[in-house]
Each structure stands twice: as C-alpha cells, then as structure tokens.
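First up is the structure itself, then whatever we jot down about it.
Bear in mind these aren't lab numbers, they're just calculated from the coordinates by the rules spelled out. What you see is a predicted model; the values in this text were computed from it and never measured. Neighbour counts run over all protein chains shown; Cβ positions are idealised from the backbone, glycine included.
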Amino acid sequence: MKKNNHLLAALRQQNPLIHCISNIVVANFQANGLLALGASPIMADAMEEVAEIAAVADATVLNMGTLNPTTLEAMIHAGKSATERNIPVVIDPVGVGATTFRKQSIQQLLQEVDVTLIRCNAGELAAIAGVDWTAKGVDAGVGDADIESIAKAVAKKHNCLLAVSGEIDIVTDGYQTFYIEGGHPLMTKVTGTGCLLSSVVGAFLAAAEENSVEAAATALTFYKKAGEKAAALAVGPGDFAVHFLNALNEEEPTH
Amino acid sequence: MKKNNHLLAALRQQNPLIHCISNIVVANFQANGLLALGASPIMADAMEEVAEIAAVADATVLNMGTLNPTTLEAMIHAGKSATERNIPVVIDPVGVGATTFRKQSIQQLLQEVDVTLIRCNAGELAAIAGVDWTAKGVDAGVGDADIESIAKAVAKKHNCLLAVSGEIDIVTDGYQTFYIEGGHPLMTKVTGTGCLLSSVVGAFLAAAEENSVEAAATALTFYKKAGEKAAALAVGPGDFAVHFLNALNEEEPTH
Amino acid sequence: MKKNNHLLAALRQQNPLIHCISNIVVANFQANGLLALGASPIMADAMEEVAEIAAVADATVLNMGTLNPTTLEAMIHAGKSATERNIPVVIDPVGVGATTFRKQSIQQLLQEVDVTLIRCNAGELAAIAGVDWTAKGVDAGVGDADIESIAKAVAKKHNCLLAVSGEIDIVTDGYQTFYIEGGHPLMTKVTGTGCLLSSVVGAFLAAAEENSVEAAATALTFYKKAGEKAAALAVGPGDFAVHFLNALNEEEPTH
C-alpha cells in the first residue's frame, strides 16, 4: 500500500499532461476524472496538431470508441510521435469485436504504433487475439485461466502490457501477472469508466519511473478502491458517477 | 400499470443493444440513461461500420442534433440496414425547423428510411409537416387539438408512430392516440432529456413484441414518472440530472 | 449589485439564444450551464447551417478546444454572419499556445471576424499576444501588472473586450479595466468551467444594451459567486459541478 501511495503522490506532484484522442461519449468524464486524479488532460485529435501535442504530453491515450478513418490516422500519427520520445502510449480498443472496421483498425494500430499498454475487457481481448468468444461468455469468463493465457500471449506478441478489466482485473507483461480484486458493479452502469481507467493508467505510467506491471497494477488497485468508496455512498448510477469523481480526488492516507 | 411493469421487466431481462447515432452535446447523457434503464448503448457513426452495428442492434436511434452531411449519410445507411431486418428505427429531429439544411435532411431521411417512430416536440412536428408555427406558439401549443391532428397526419403519411413531447405527451399511429400527463418543468432545464427519451422509446420498442402505440406510451409514461421522482429530490437542474439517472435505474414495484 | 441583478433579470426575461461552436469535451456542460442560467443553447457546427443559426442567435460563442480545419472554417463563417448583424461574438481560444495550428488559427479568426470579446486565461493571452510565457509563469502571473498591460494592448489592437480568467479576473476594453475577485479553486478541477464562462459572458452581452466592459464584468462577478456558492456545498470536484449548475440557476436576491 505504501508503494501505491508513493506513486499516487508522485503523480499529483508531477501533474502529468495526458493527451487523449477520445470520443463524443466519454471525453467529458475522462477529462473530469483526470483532473480529479491530479493529472492534466488535453483532448486533441486534429492531424494538424496531434503529433505536436503527443510530443509534449507525459502520456498519450488512444480510445477507439466512435472511431472513424480520420481519427484512426490521427491516432497512428500521435502514437508514433509519442513512442519516438519514449512517452507511454495506452490503447483502449472500445468494442473492438463489434465490427470489421474496428478489428482491422486495432491490428493497424498495433502494427504501426509501439504500444505500451492495452487496457480492455475480456471480449475486446478475445477480438484482438482472434479467439472465438460469445458476448455472454465474455462476461462470465472473468477469472478464467484462458483470459490470463490469452492476455500473456498478446502481451508477448506485441511486447506490451495488458490490463484486462473485469470482476477481477488482470495485468501482465506476458511473464508476470497481477490479479486485482474489488470494485463494484455500479462501475459498469456508468459509461466511460473503462475509458477513464485507460487514461488513469496512462497517468500512473507517466508518474512511474518505468512502464512496469507494478505501476499498472497500482493504477488498477487505486481505481477499484475509488469505485468501492463511491458505491458506498451511492443510491444509483447517477450519483455514483459524482461520488466516483470525488473519490478519485481524495487524499490517500499516508501511513 | 401492470403492463407497464411487464414491459420494463422484459426490457431489463433482454438488455437490448441500442445503436445511437448521436451528437457531441448529449451522447454521454444518452449512454448513461440507457445503462441506467437496463439497456446497452452503442454509439457509432462511421460509414465504415454503422450498417454492421445497426444489423446486430435491437433498435437504432438517429439523432439530428449537430448534424452534418457525413452523419446524415451514416444515418440513412444505418436506418436502411435496420429496417431491412425489421429492427425499429427511431428518429429524433432535433431543432429541425432551425435551418434549411435540417428541414431538407429530415425529408431525405423520411424518404429513404422506413422509420418506426418519430420523437419530437410540437415545434419540430410543425417543421416536419411544413406548418407555420412561431417558436412562442410551439411552447404554448401543447395540448392543442391541432398538434394531435398534425401528428396523426404525419403518422399516416409516413406510416409510423409519432411521439410528441410536451406538458402533455401525445403518441399516435394516426388512428389511436394516447395522452400522457405528468413529468416536471426541470426536465426542460437539462440538455438531452428529449434525446435520451428517444433512445428510451427505442429500448421499449425493442423489448415489445410489436411496434405498438401502447409500447411507446408505456415508455413515455415511465419517463415522465422518472422525471417526477427526480424532481421531488432535486434542488435545481444540476442534481435533477443526477437523480433522474437514478430514477431510470430504479426497481418498479411489482403488484 | 443592483445593476448585476438587473442584467441577470433581463437575461432571464429575454432567454437569449446562444449559438455555440463547441467541442466534444465541454458541449454538454456548456449547454446545461446555459439552460441553468436562463439562456437557450444551440450547438451547431456544420458549414451548411452555421451562418443561418448565427444570424438568428442573440450571441455566438466560438470555442477552439479540439479544433480542426473544418470547424475553424465554420467558426469564421458563423462569426462573419453574426457581426454583419451586430450580434456579439465571443471567442474562447482554448489552449491556444499549445500548437502551431492553434496559434495560426486564432490569428486567422481575429483577422477575419470582428470579435466582440476574447475570454481566455493568462497563458492563452500571452500566446495571442506573442509574448514569451512559461506554463508555470502563467499560473503564478495572475494579478501581475503585465497581464493587464498585455490585455489592454490586445483589446486595443483588435478593438474588442478582453476577459482574462484567474484567481482575480481582469476585464478591459483597452482603456477601462475591472478586477473581479472571488471564485474557488474547485472551479479549475472541473473541465469546461472556462468554456462555459465564455458562453455565460455571451449571454450577458446579449442581454445588455451595449457590449460594455460593465456587462462583461457583471457576468464574471456572477460566475465567481456561483462558484463560491457551489464550493460551500461540495465535497469534491464531482459534486461541485452539480452544485455549480444549481447555483447558476438560483434566483438572485432583489434588494
């Protein structure tokens, strides 16, 4: 826990600039979550400026929700700019199994950008790996040994970290794996909690000295705890979202 | 009321996938409202994937706020894909009387897509019907016999359902008409309550066995009641929106 | 204070239509803030309709967050349409110093559109003026005499009002300057508070008889007070945003 607090304190000290290529559904929640956490969001997706912004940001987060070809091109451009400068790049392959366009786009992104971490759910992981998976199976599959195997294989193939959200989160570099329990079902009743998590992981990687499984695990643990705190105060999904932003902003006990 | 509960229970059992072509103002509220209700939102507007998504969704909702020619083309594409498979298509002609572009766009949409239901307010209805109407008259005209006549005529002309929001909602198939009282003025002080309603109606149609006036009326009644519950707890428009999402998520009494 | 109340009462009486060319991050908060205030927002950015909407609106607010060349063209088009009819145009040069594209875009906007008021922070002001300024210096520079000098120079050069947000707001026409104290640090922990302020200033200018420094100062004062009221009730940034919308909606004491 001490380490967890150290990294959060470092993040808040640094106030990292997080460049997000986001979407019309979650951009506001993502920006507010990053501000609450102690990071500084900048949303920009025009080809004319993404490389310049990615170059000065402390992390770049590419979110594939409401994707279109123009944004995909901007993501590749921003991703390359970031990795040239060893700035962490997080990819959130939102609903990547839903359409042929998204499946092709994620493969193109992974081929052209040297990704630091992929943050997804089990269904999205299966789509990236090309594994057959029914939507129902995805929800039920949390904690299954197969998810860990697939995550490890994808991590090794793309030489990156994999953070798979679920009832129990998994984070792995292909060799070492952490399991993070906790959180609350209300987190799945607010749109963008996954997208915001990807940005939060980006902020923790920005604050960490290296792109380690531990740093990602610290972010996931912090996020699940914030969800628990908010759920304890919430009547429903409406006020949960409000309490959750407060929880991301809370001081951690230093002991 | 029993019927109302049956349909809501069926909706939550089914957890229908609602494909929304939305806009930058309301996409977040729309997605959160659908999640709270018990539906599953998917926002997608790229030509590369809208037909594929509309084909697997349980309803498609086309929202004309912040419209542009690219989105209009995507709406037509998605709408055709849905109607080919007998999937309900709801159109929300946001501010359709405001500009020539919007007036032309709604006519093109109605000509090319076999729409299931149009959800609008009195002013938007007048614009669709080509009736002269002053903005002031629109607000005052709620409950007026003319609105019912115009709604019936538009429903017959386009062979669809018409749901006209106001102090008293009207829903008609051109022959049978329901009036729904209730709701609260705070509903007009939060952006996107109309847009979200269109999605909610889509979710109820998805859960119903047929695209009936009754199913639409059930959705409108449920929505007005959620507004009343939220208003009873709210200080102003800020917390009303929060309580409203909670109210959409509430268990209905089964009696 | 009496004057303040007069203008707010006039605004709510008029219910001005505020045309916003906005962005995916803040459009929802901006629309909800304007509704809470007593204005009527309309978001539209398609070239096909911006001139028509700007022509009937009571103010046009151009926001450069997540800018792209298409939106920039629409802003120029809308801005020209508004100024031809003596409708106030407010520009919010979000993060204008961040990239070459934004720096060039603001110069093009200021050259082609007869702007009524620029609402920015100290860093954005420095970027517009071409003054060297480090990000750190920006935050620290509030209240500095240089900011006032630069604001006055920019106001004179572009023959417009300058409203510079900070711990103490400055508003000037190049000759007369008002300083507005108050507000709360939580206002900087919610995304879009600056963008919404630009729209609120637009609504106050729409309600005022002339585009005066006093009208802008009244808007800034009202906004800081709303921030104070909300902060007094808030636990963190999540519920601050909720209370802030409520505060914008509150009746002012008439005495």
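Brief remarks on what is shown
- Around the amide H of C:V94, modelled in the peptide plane, lie the amide H atoms of C:M64, C:G65, all under 5 Å away and 5 or more residues distant in sequence or on another chain.
- Of A:K103/A:K224; B:K189/C:K224; B:K189/B:K224; B:K103/B:K189, pairs whose Cα-Cα distance is over 18 Å: A:K103/A:K224; B:K189/C:K224; B:K103/B:K189
- Förster radius 60 Å - calculated FRET efficiency between A:E252 and A:E112 (Cβ-Cβ, nearest 0.05): 0.95
- Neighbourhood charge, 10 Å Cβ-Cβ cut-off, centred on C:T172 and excluding it, Lys, Arg +1 and Asp, Glu -1: 0
- Other protein chain C-beta atoms within 10 Å of residue C-beta, averaged over B:49-62: 2.
- Averaging Cα coordinates gives a centre for the stretch A:1-71 and one for the stretch B:33-84; these two points are 27 Å apart.
- Additional length obtainable on full extension of the chain from C:N5 to C:D146, 0.36 nm per residue less Cα span: 47.6 nm
- Relative protection proxy for C:98-109, C:51-62, from highest mean packing down: C:51-62, C:98-109 (other beta-carbon atoms within 10 angstrom).
- Summary of packing: across the peptides B:207-216, C:21-30, the per-residue average of other C-beta atoms within 10 Å ranks them, highest first, as C:21-30, B:207-216.
- Here the sum of -39500 (n - 2.57) over DSSP H runs of 4 or more residues, divided by the residues of chain B, equals -17000 deg cm²/dmol at 222 nm, to the nearest 500.
- Distances between copies at B:E250, taken between label points 7 Å from Cα along the C-beta direction, are 2.7, 2.7 nm in increasing order.
- In chain B, the beta-carbon sitting nearest the axis that superposes B on C belongs to the residue given here with its distance in angstrom, B:I24, 3.
- Here is what passes the span test in chain A: the DSSP H helices with alpha carbon length of 27 Å or more along the helix axis and a Kyte-Doolittle mean of 0.0 or above are A:213-233.
- On the basis of the beta-carbon distance and an R0 of 41 Å, C:N86 and B:N86 show a calculated FRET efficiency of 0.20.
- Antiparallel bridges, percent of DSSP beta bridges restricted to chain C (to nearest 5): 25 percent
- Sorted peptide list for A:151-159, A:236-244, criterion being average Cβ within 10 angstrom, highest first: A:236-244, A:151-159
- Partner chain coverage, peptide C:26-38 - average Cβ within 10 angstrom: 6
- Taking other residues whose beta carbon is less than 14 angstrom from the beta carbon of B:N23, and scoring Lys, Arg as +1 and Asp, Glu as -1, yields -3.
- Cut-off 10 Å between beta-carbons: net charge of the residues surrounding C:P93, Lys and Arg +1, Asp and Glu -1: +1
- Springs join every pair of Cα atoms under 10 Å in this Gaussian network model of chain C, and among C:V94, C:V131, C:V50 the largest mean-square fluctuation is at C:V131.
- Exercise: per-residue mean of other protein chain Cβ atoms within 10 Å, B:93-103: 4
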